[in-house]
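Just so you know, all these numbers are worked out from the coordinates, no wet-lab data involved. Remember, it's a predicted structure, so these values are computed and weren't measured experimentally. For neighbour counting, all protein chains shown are included, and Cβ atoms are generated from backbone atoms with ideal geometry for every residue, glycine included.
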Amino acid sequence: MRVVRGHDAVLGTACASCQLFCVLVVNTTKLAAERAGTWNLRRRAQHVATHSQALVIGLLAVYVIGVAIFVPQILSWQTFRDVVIAMLPLVVAVIGQTFVLIVAGIDLSATAVMGMGSVSAASIMTGTGGYLAGNALAVPAGIFAFLGVGFLVGVFNGICAARLRMPSFIVTLATMMFVAGLAVWYTTFHSRSVSISNLPEPFRRIGYGTVLGVPIAFLLAVAIALVAHGVLSRTLLGRWLYAVGRNEKAARTSGVPVERVVIAAFVISAICAALAAIIYTSRVETGTPVLAQNLFLDIIGAAVIGGVSLFGGRGTVMAALMGVLFLTVLDKGLQLLGLSLFMVLAVKGSVILLAAVLDVARQKWSGPR
Amino acid sequence: METETAITKSQPEPGDDLQAPLLSLHDVTKSFFGVTVLHGVSFDVYPREVLCLVGENGSGKSTTMNILGGVHIRDAGEIVLAGADYKPRGPRDAENAGIAFIQQELNIFPNLSVEENLFMGRFPQAGKRLPIISFRRLRERARELLAAVDLNVPPQASVSALSPGERQLVEIAKALSLDAKIIIFDEPTTSLTSRESERLFALIERLRSQTIGIIYISHLLADVMRLADRIVVLRDGHVVRRGPKAAMTVGELVNAMVGRSIETLFPNRSRRGATGTTVLEVQGVSQPGIVRNISFSVAEGEIVGVAGLMGSGRTELARILFGLDPFEQGHIAVAGQPLTRPEPSACISAGMAFLTEDRRHEGLMMEGSVAANLELAALPDYASSPIGIIDDRRLHQRMAAMNEQLQIKCHNLGATPVKTLSGGNQQKVVIGKWLLRRPKLFILDEPTRGIDVGAKQEVNQAIAQLADQGTAVLMISSELEELMGMCDRILVLNRGELGGIIERSAFDSEAILLAAMWKGIGT
């Protein structure tokens, strides 16, 4: 008991010093930016702060090395594999969230979409009383149900935000509550417990299967990331998304169909949530309405840590990936260190807060994206 | 040609009598990050006079005023205010010392009432120590102040319900209540209608008769020539010209400001008048309360101006044509095709381009790079169907080629944020954005507003060039001189109606003003 406590204290110190380091980095960057006499130096200091991917990677490396002193197994292949597999649903959901954040919106309904998609698809596919139990079409129909839920919620959110000009925060908060409630209610018709199990084997294989040793879910997430990156950086829709996020009026005056672009962002976000739900449901092998409840905070937190701006107009898929990686590694490290759940939450909370501080600072010195 | 060397020392001037100056600046110097922006600026302000300060953007006017207003602290030099050394450490010090700064962006609380704004921070109290506001005394004193600036609104009215001109009067009333010795006006007329400007000028005349010194900063030389007793010209942080108005002409002022003589602000166009086919056809366009029964057309290669007072429907007409605002009756056709769906995107695909008067909020993404702004309107032309992949190489080649012609001054098109550019260069970015689309019709709303004389010339040059290449141009300006210099025809709007169409051969500023101010005159 005492040993464990002593251990905890050491770890706590380690954690605190990591956080201190974060604070120091932020402050020195800021100070450097303010004090630097010449324009050039000032620009360079701001550059470090505004191109936060380098900053995130640096912090991550310091953190991993710091944790490795106490728990060397963080550097093992097994841990790496665990982290990568664990972050896949979050990666996909955060990529979707990035699209909405770029147009200066926010999508709080992603976890509800994941839960609703999960139970509706499971109710179709399950071997015990599913609508298409045993049918060859069960899995395609289930996948269709996931995406259908995502599409409907996304279109609804988008129309409320774009056509009716409602703040996306309140719209998606309302859909989140409604859809999450609906998912629980829907489950009661299909299962005595809180989840729907006995999903067909081909569907479960998405979660555990591999192709040439690479997990299918990983390949799926990589494909989604590549497509999303392509859309944001190379296509008309991508440019329009950034334009709407930076200055909606100027975008409209320049012929950008603002409403359609905003609706597209919400649909993409909800479809990504549905895709994340496919990966997650197949891994836990049951459909459950509370599928992604633990991700609620992480989705927006990860995006902000990576450097996607809450003010709109700024964010990339790479930033989203970095944010998720950071948050998942942080989580894993704290678990390995044996910290209690509330301690983990507190640390995550402070890291997200720091990221938000940096976002505000970046907004102040912002250059082009 | 250099007009003259910089004047560095303040000398007594003829016609100043023996009166002591209210405010004198001696060799005021200021630098930012190693760049000197004020090189020993000296001038005096006397009571009962209007001193106009003119100069291009970046000439040091704002820095000088910010030093007076306590926003910046001078590096060297002396300032004497009413016989005492003046060294403000903040805007509060300046206010207490009697310097009031009426700014472009009015610092006023729109959600509060007029009286609350007037006495913000020093409400009259009921009783000596009681922290309770005496609204009776507040109202009385507010009434007196509003009467002094001739503003007829109830003191309890919300400021958000006032027009920009009325808000400005509230600010002036506030300055008076603070016993201001010096009132600084920085571009006060930019957001005012001409009627409101007239009212402001009348008020300034009245203030002049009190023992107040007034510093007036403006780009509008007509206003300067009208108001000034003396004029100080700044260029690159030096005082290059200083003297009584009577000794200066507008031409001399412009020369002193730009440091070279401008042949003409308006380019000479080889080809004039409607040469090609009709591009824009407007027939009987009406929107209740905005415009009524407007009909005209613009042909290829023609520059048509729109004159009219503020509130005459000039800007509103442009916004209707570009699909930003709705209209109830009438027809609009571009290149023979009727516009059925009034939406900017539809207008743009029909070949229209629109330069808005509100560059910061509607024209540009200030945070974005120059390239991100330039490409915005033309993007669909460079996107493959059906996925819409952008051909960045072709796009950047085209942007670079266009910039050869436009000469936007920036380090790197792809990296320099637009907000770091000067007003003139920002305006060129807006123009460039539309040039990439090779528009058939370009609607320009106040293309030279808020930019300095040199940039004005360049912008006008670009517009003329565009027309020479066959684009139909519809140009709105509140500077009549500019319309007369640039246009082939001028439409005059009067309270939402077409007051007349005047051909170039018949251009006459009086006739145009008359058509703008009286109904039914003109052709």
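Tell me, what is the Rg over Rh of the stretch B:353-438, with Rh the Kirkwood radius over Cα pairs?
Looking at the stretch B:353-438, the ratio lands at 0.95.
Mind listing the long-range amide H neighbours of residue B:239? Cut-off is under 5 Å, sequence gap 5 or more, other chains count too, H placed in the peptide plane at 1.01 Å from N.
Residues meeting the criterion, in which the H sits 1.01 Å from N, are B:7, B:42.
Taking the Cα centre as origin and putting +1 on Lys and Arg beta-carbons and -1 on Asp and Glu beta-carbons, what dipole magnitude results for chain B, to the nearest 20 debye?
Magnitude of the dipole: close to 900 debye.
Distance cut-off 31 Å, Cα to Cα: go down the list B:181/B:456; B:128/B:174; A:249/A:364; A:249/B:181; A:364/B:428; B:419/B:440 and report the pairs above it.
From B:181/B:456; B:128/B:174; A:249/A:364; A:249/B:181; A:364/B:428; B:419/B:440, over 31 Å: B:181/B:456; A:249/B:181.
Using alpha carbon centroids, what distance separates the stretch B:380-453 and the stretch B:26-93, in Å?
Each part reduced to its Cα centre gives a spacing of 37 Å.
Taking 0.36 nm per intervening residue step and subtracting the Cα-Cα distance, what contour gain separates residue B:153 from residue B:409 on full extension?
Roughly 87.5 nm would be gained on extension.
Based on Cβ point charges of +1 for Lys and Arg and -1 for Asp and Glu, what charge dipole magnitude is obtained for the protein assembly as shown about its Cα centre, in debye rounded to the nearest 20?
Roughly 2300 debye for the protein assembly as shown.
Other chains near A:226-237: what is the mean number of their Cβ atoms within 10 Å of each residue's Cβ?
3
Check which residues have an amide H placed less than 5 Å from residue B:125's amide H, if you skip close sequence neighbours.
When sequence neighbours closer than 5 places are left aside, the close amide H contacts are B:134.
Which of A:174, B:257, B:19 sits closest to the plus end of the dipole of the protein assembly as shown, meaning its Cα is farthest towards the positive end, when Lys and Arg get +1 and Asp and Glu get -1 on the C-beta?
Result: A:174, furthest along the dipole toward the positive end.
Once you order the gyration tensor axes a ≥ b ≥ c over the Cα atoms, which shape class does the protein assembly as shown get: rounded for a/c under 1.5, otherwise prolate or oblate by comparing a/b with b/c?
prolate
How far apart, in nm, are two points set 7 Å out from the Cα along the Cα-to-Cβ line at residue B:503 and at residue B:481?
With each label placed 7 Å out from Cα toward Cβ, I get 2.8 nm.
What does the highest-first list of A:318-331, B:120-133, B:184-197, A:343-356 look like by mean Cβ count within 10 Å?
A:318-331, B:184-197, A:343-356, B:120-133
Is the shape of the stretch B:161-295 rounded, prolate or oblate, going by the alpha carbon gyration tensor and its root eigenvalues a ≥ b ≥ c, with a/c under 1.5 for rounded and a/b larger than b/c for prolate?
oblate
Run the quick spin-label model on residue A:185 and residue B:333: label points 7 Å from Cα toward the beta carbon, then report their separation in nm to one decimal.
Computed distance between label sites residue A:185 and residue B:333 equals 5.7 nm.
Calculate, for residue A:340 and residue B:36, the FRET efficiency according to 1/(1 + (r/R0)^6) with r their C-beta to C-beta distance and R0 56 Å; round to the nearest 0.05.
0.40
Take peptides B:165-173, B:393-401 and line them up by average Cβ neighbours within 10 Å, highest first, as a rough protection proxy.
Going by the mean number of other Cβ atoms within 10 Å, highest first, we get B:165-173, B:393-401.
Extension gain residue B:76-residue B:93, at 0.36 nm per residue separation less the Cα-Cα distance, in nm?
Result: 4.3 nm gained on full extension.
Can you find, among B:412, B:356, B:68, the residue sitting farthest towards the positive end of the charge dipole of chain B, where Lys and Arg contribute +1 and Asp and Glu -1 at Cβ?
Selected residue: B:68.
About its Cα centre, what dipole magnitude does the stretch B:116-241 give when the only charges are +1 on Lys and Arg Cβ and -1 on Asp and Glu Cβ, stated in debye to the nearest 20?
For the stretch B:116-241, the charge dipole is close to 580 debye.
So what are the ³J(HN,Hα) numbers for the stretch A:70-83, from phi and the Karplus equation (6.51, -1.76, 1.60; θ = phi - 60°), rounded to whole Hz, Gly and Pro as x?
Once θ is set to phi - 60°, the couplings for the stretch A:70-83 become 8, 10, x, 5, 5, 8, 7, 4, 4, 4, 4, 4, 4, 4 Hz.
At a Cα cut-off below 15 Å, give the aspartates and glutamates reachable from residue B:409, other chains included and same-chain residues fewer than 8 away excluded.
Reachable aspartates and glutamates: B:452, B:458.
Compute from the Cα atoms of the stretch B:413-523 the Rg and the Dmax, the latter being the longest Cα-Cα distance, and quote both in angstrom.
15.8, 53
In whole Å, how far is the Cα centre of the stretch B:280-296 from that of the stretch B:494-509?
Centre-to-centre (Cα) distance: 16 Å.
Please name whichever of A:243, A:254, A:229 sits farthest to the positive end of the charge dipole of the stretch A:217-262, dipole taken about the Cα centre and charges placed at Cβ: Lys and Arg +1, Asp and Glu -1.
A:254
Under 12 Å between alpha carbons, and skipping anything fewer than 8 positions from residue A:348 in its own chain: which aspartates and glutamates qualify?
Residue A:348 reaches A:298, A:331.
Within 10 Å of each Cβ in peptide B:377-390, how many partner chain Cβ atoms are there on average? Round it to a whole number, please.
4
Which whole number gives the average, over all residues in A:309-315, of C-beta atoms from other chains lying within 10 Å of the residue C-beta?
Partner Cβ neighbours, averaged per residue: 1.
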